[in-house]
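Each reported figure results from applying straightforward, stated rules to the coordinates on display, with no laboratory input. Because the structure is a prediction, the values reported are computed rather than measured.
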Amino acid sequence: MPATNVQQQLDRRQAIVRLLDEHEIGRQLELVALLRAEGYPATQSSVSRDLRNLGAAKFGNRYRLPERAGGDAAEPLSVIGQFVRDIRTAGPNLLVITTAIGAAQRVALTLDRVGWPEIVGTLSGDDTIFIATAGVSRQRRVRSRLRQHLSEASR
């Protein structure tokens with residue numbers, strides 16, 4: 001019985017995880033070629049969706065998965081600093097972060113995984129993140145912590 005589209009997608013994503021671990025892949029087309037060589041149906045657009053779904057992002061000259069981006073909370077924050085362009089308040093419990101185009105989901109995922117108790121949740125688009133906090137004091141704390149980590153990263 002042939003595999004369903006959903007099963008093919010799951011199998012392809014498992015292969016992507018393995019390939020990103022085994023190879024330094026800097027372009028989506030490289031990943032497409034590796035997948036096709038192993039018999040997985042893949043296009044640049046399907047690989048792009050898979051990478052986004054897996055939370056993979058380009059760090060330096062290669063794609064990496066979130067778990068491989070850094071070992072502790074401080075390290076990923078230092079890595080994402082290169083993508084953050086601006087941090088602004090928007091009311092008493094909302095921060096708005098502007099990032100490089102295409103980086104907002106990766107930055108938001110990192111912030112979610114850091115687990116700061118002041119952050120209620122994040123919502124990201126392509127280059128903008130909304131961070132909800134439980135009040136103005138927690139908003140200030142998150143903003144201060146972010147600025148501190150980002151300034152340490154730029155040193």
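One table, with the values for the structure above:
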read-out	value
Value of relative contact order over the chain, rounded to a whole percent, pairs C-alpha under 8 Å and six or more apart	17 percent
Base-10 log of normalised Debye intensity for the range 5-68 (one unit scatterer per alpha-carbon) at q = 0.14, 0.19, 0.20, 0.29 Å⁻¹	-0.32, -0.61, -0.68, -1.52
Semi-axis lengths (Å, descending) of the ellipsoid that matches the C-alpha gyration tensor of the chain	34, 16, 12
